[in-house]
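Working notes, beginning with the structure itself.
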Amino acid sequence: MDTLTSQQRHANMAAIRGKDTKPEMVVRRWLWGHGYRYRLNHPRLPGKPDIVMRKYRTCIFVNGCFWHGHNVAEPQVKSERVKSEKWEMEVEGSDYIESSECCKIPKTNRDFWVAKIRRNQERDTRVQRELASMGWHSITIWECELKPKVREKTLESLAFTLNRIFLQDRTVKHYEIPEEESMMAAEDTSARSLTKPD
């Protein structure tokens, strides 16, 4: 049961920021301290990613677990059997989402929150596909991965991934030049011209 009134709950949820959140600031400070340079919310890229690293052609999204439905199962239709004294039938219920460890779906106004989280997930997928088609890499860091116990491991993994992307994109590709027939023909004609006719 919610202890706040609907107006108080609305005010609390409306006050949550979309930019410069605490998890995002943790990632930005760590990257800057380790020599990585970046841009913020590039307007020309789809979805205006939180952190844009042009050198690595990588966009980093720092997602809140609740707003983006981290580890939340896809909505399914729940069916249950209803018994009466005279009849028995199967009734299908509405969509439901089971809460995960880090994403608790509110019990009040549940349909609204389920629809909002679903829209956010669909938008995230669409934006990452658009970025991939443009040749950009996407990395998603979840809020729960930045808790003090696992923060260092997450950020070290981020550095490893960035370095791997950088090396992978800049490897020297060795091409073998195939021998062409015209080169052989030119060698043959020059060899003939040097020999004395009989």
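The values are calculated or read from the model by the stated rules, or taken from the named source; none is laboratory data. Quantities reported herein were computed from a predicted structural model and do not represent experimental measurements. Note: ideal-geometry Cβ built from the backbone for every residue, glycine included; neighbour counts use all protein chains shown.
Determine whether residue 68 is touching a residue at least 24 places away in the same chain (Cβ under 8 Å) and under 16 Å from the mean Cα position of the chain (by Cα). Step through it out loud before you land on a result.
Numbers: touching a residue at least 24 places away in the same chain (Cβ under 8 Å): yes; under 16 Å from the mean Cα position of the chain (by Cα): yes.
So residue 68 fits the description; yes.
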Practice problem: Scan the stretch 135-151 for residues that are surrounded by 11 or more Cβ atoms within 10 Å (Cβ to Cβ) and either part of a helix (DSSP H, G or I) or under 15 Å from the mean Cα position of the chain (by Cα) (or both) and jot them down. | Solution: 136, 137, 138, 139, 140, 141, 142, 143, 144, 145, 146, 151
Quiz prompt | Some residue of the stretch 106-118 being modelled with pLDDT under 85, in a loop (DSSP other than H, G, I, E, B) and touching an Asp or Glu at 6+ places or on another chain (Cβ under 7 Å) | solution = yes
Quiz item: Is it the case that the stretch 12-21 has a residue that's modelled with pLDDT under 90, under 21 Å from the mean Cα position of the chain (by Cα) and outside any loop (DSSP other than H, G, I, E, B)?
Solution: no
